[in-house]
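Right, one structure below, let's go through it.
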Amino acid sequence: MFGVLRLIKDFITYDADREFYAKVFPDSVSKVDLMRLRKMRKADLARVLEIENTNYEFPWSEDIFIDCFTPLSYSCWVCEDTEKVIAYAVLSIGAGEAHILNISVDPQAQGLGVGRKIMEHLIEVARKKAETMFLEVRPSNAKAQSLYESLGFNEIGVRKGYYPAANNSREDAIMLALELSTVF
């Protein structure tokens, strides 16, 4: 029942005018404006896992994503263009804190502003229930660090050996935080 209601809501809240104007006046609407965010569904898992496995040497398993559908613990989102899911994110909110657990953009959609769009959405979702947002990022991921910094995140520490890395080694994680009361 709730699945049907969610599909109806997604259809109603979709801004068909944007798609129309993009077709009639191609330069009037950016590609990013045509992308929409919605709650992740189990039917999205095959595409989410495809992106996950493409982007990460040590990807999350399907079981981990399935566990994230527990409604009280996680907020799972996808960003889709007119054809398919191109990004996803998993957010955990509790005790006044929000934690971005996973965020990834299809390599073919990187550099278009999709990461910024989904991050801004997560910040808005978290602001309703949390005071601070946290995330970890690999020191080797300079593009993500730059995005997070531009959104107002600040380094608060380092988790030594947090991420698995090649050759049975480990990579540190830079810990970042954003005070949600100071955003926008």
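None of the figures in this text is laboratory data; all of them are computed from the coordinates on show. Predicted model, so just to flag it, every value in this text is computed and none were measured. No Cβ is skipped: glycine too gets one built from the backbone with ideal geometry, and neighbour counts run over all protein chains shown.
Shown is the FRET efficiency for PHE58 and ALA142, computed with R0 = 25 Å from the Cβ-Cβ distance and rounded to the nearest 0.05: 0.85. Averaged over residues, the count of other Cβ atoms within 10 Å places the peptides 82-93, 36-47, 59-70 in the sequence 82-93, 36-47, 59-70, highest first.
Loop-resident trypsin sites (Lys or Arg not before Pro) (DSSP state other than H, G, I, E or B) in segment 86-154 with no more than 15 further Cβ atoms inside 10 Å of their Cβ: LYS128, LYS129.
Each of GLU50 and LYS128 was given a label point 7 Å from its Cα along the Cα-to-Cβ line. The distance between the two points is 3.0 nm. Is segment 36-182 best put as rounded, prolate or oblate by its Cα gyration tensor, with a ≥ b ≥ c the root eigenvalues, rounded for a/c under 1.5, and otherwise prolate when a/b is larger than b/c, oblate when not? Since a/c stays below 1.5, the shape of segment 36-182 is classed as rounded. Model label sites at ARG159 and LYS42, defined 7 Å from Cα along the beta-carbon direction, differ in position by 2.8 nm.
Using 0.36 nm per residue and subtracting the Cα-Cα separation, the extra length available between ARG170 and GLN110 on full extension is 19.0 nm.
With contacts defined as alpha carbon pairs under 8 Å and 6 or more residues apart, what's the relative contact order of segment 36-182 in percent?
On the way: 245 pairs, mean separation 27.1, N = 147.
Computed over segment 36-182, the figure is 18 percent.
Could you compute Rg(Cα) / (2.2 N^0.38 Å) for segment 110-184, with N its residue count? Display every interim value, and only then the final one.
Details: Rg = 13.5 Å, N = 75, 2.2 N^0.38 = 11.3 Å.
That works out to 1.19 for segment 110-184.
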